[in-house]
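Beneath this line is the structure, given in structure tokens, with notes to follow.
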Amino acid sequence: MKVLVVYYSMYGHIHRMAEAVTEGAKKVNSVVVHMCRVPETLSEEILKKMGALEAQKMFAHVPICKVDDLASADAIIFGTPTRFGNMCGQMRQFLDTTAGLWAKNALVGKIGSVFTSSATQHGGQESTILSFHITLLHHGMIVVGLPYAFTGQTRIDEITGCSPYGASTIAGSDGARMPSENELNAARYQGKHVAEIAAKLFK
Ligand SMILES: Cc1cc2nc3c(=O)[nH]c(=O)nc-3n(C[C@H](O)[C@H](O)[C@H](O)COP(=O)(O)O)c2cc1C
């Protein structure tokens, strides 16, 4: 059973969430989990201007995903920061190279799930995940979210990301806030939940 965690992160928030998703998925017996990043589309000069170069050293060791990696996984969990309420361009560009997989029905019946990050609390986490689901459905994937059985998403005693659509974190307008323990637990829950479903479906 193979679970692939595919993500883009500019400042490390989604990277941290991806690690937690991976930890969760690894808790399920017989599941092998790999993390990979979608290719960067911005030049080093632009990344420098955006103040992202230092943060990106944190995940430079994570391999770059190839389109065929998607075809060999049973479940794929995608992580993307919000860009104007949608997935980031790097992820969109990567997904737009999957037409060959679509033509071969290569992802039909696989599990797809999404987690995200935004600067602000109501800055489009739900729209990012839900609009991402459209692409997964075009590929014939089975969409899995973050059930309310993860009760941490109902708490109001602290500011937190997360919704039934998927785990999420709030980075803050200056990016200084890293994922909270509640948000990391949500990511772990989502990873384990996806892996458990994959184990049941594909055993
Ligand atoms: C072009 C651009 C658009 C963005 N749009 C939004 C947005 O619509 N809502 C929001 O809350 N944050 C927005 N952000 C902030 C990012 O979502 C935030 O930097 C990201 O979630 C941090 O995750 P990362 O460190 O993994 O990249 C935007 C950032 C950029 C650069």
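Throughout, read-outs are computed from the coordinates displayed, never taken from laboratory work. For clarity, every value in this text was computed on a predicted model and none was experimentally measured. Cβ: placed from backbone, ideal geometry, glycine included. Neighbour counts: every protein chain shown.
Excluding same-chain neighbours fewer than eight residues apart, the lysines reachable from K48 by a Cα-Cα span under 17 Å are K57. Rounded to the nearest 500, the 222 nm mean residue ellipticity of the chain from helices alone is -11000 deg cm²/dmol, with -39,500 (n - 2.57) taken per DSSP H run of at least 4 residues. Annotation: cysteines of the chain without a disulfide-compatible partner (Cβ-Cβ under 4.7 angstrom) are C88, C162.
Which of the three applies to region 49-98, rounded, prolate or oblate, going by the alpha-carbon gyration tensor with a ≥ b ≥ c and a/c under 1.5 meaning rounded? It is oblate, given that a/c is not under 1.5 and a/b is not larger than b/c.
GNM on the chain, C-alpha springs below 10 Å: top fluctuator among M35, M87, M50? Most flexible of the set in this elastic network: M50. Label the chain by shape, choosing from rounded, prolate and oblate, from the square roots a ≥ b ≥ c of the eigenvalues of the Cα gyration tensor; if a/c is under 1.5 it is rounded, and otherwise prolate applies when a/b is larger than b/c, oblate when it is not. Here the chain falls in the oblate category.
Within the shell of other residues whose beta carbon sits under 10 angstrom from the beta carbon of K192, the net charge comes to +1, with Lys and Arg scored +1 and Asp and Glu -1.
Using only Cα coordinates, the Kirkwood hydrodynamic radius of region 129-173 works out to 11.9 Å.
The order of I197, I170, I64, going from fewest to most other C-beta atoms within 10 Å of their C-beta, is I64, I197, I170. Springs between Cα atoms under 10 Å define the GNM used for the chain, and in it the highest mean-square fluctuation of E45, E126, E54 occurs at E45. A simple count of charges around V33, restricted to other residues whose Cβ falls under 13 Å of its Cβ and scoring Lys, Arg +1 and Asp, Glu -1, yields 0. Once the Cβ-Cβ distance between I134 and F202 is put in as r, and R0 is 41 Å, what FRET efficiency do you end up with, to the nearest 0.05? It comes to 0.95.
Applying 1/(1 + (r/R0)^6) with R0 = 41 Å to the Cβ-Cβ distance of H122 and D96 gives a FRET efficiency near 0.90.
Add +1 for every Lys or Arg and -1 for every Asp or Glu among the other residues with Cβ under 11 Å from the Cβ of E181, and state the total. So the surrounding residues net to -1.
If you take the Cα centroid of region 150-203 and the Cα centroid of region 13-68, the two points sit 17 Å apart.
This ranking places F132, F78 by how few other beta-carbon atoms lie within 10 Å of each, fewest first, which gives F132, F78. Long hydrophobic helices in the chain: none of the complete DSSP H runs spans 24 Å or more by Cα along its own axis with mean Kyte-Doolittle hydropathy of at least 1.6.
By other beta-carbon atoms within 10 Å, ranking I134, I129, I142, I14 with the fewest at the front produces I134, I142, I129, I14.
By its C-alpha gyration tensor, with a ≥ b ≥ c as the square roots of the eigenvalues, how is region 1-113 shaped: rounded for a/c under 1.5, else prolate for a/b larger than b/c, else oblate? In terms of gyration-tensor shape, oblate.
The relative contact order of the chain, computed from alpha carbon pairs under 8 Å that lie at least 6 residues apart in sequence, is 28 percent.
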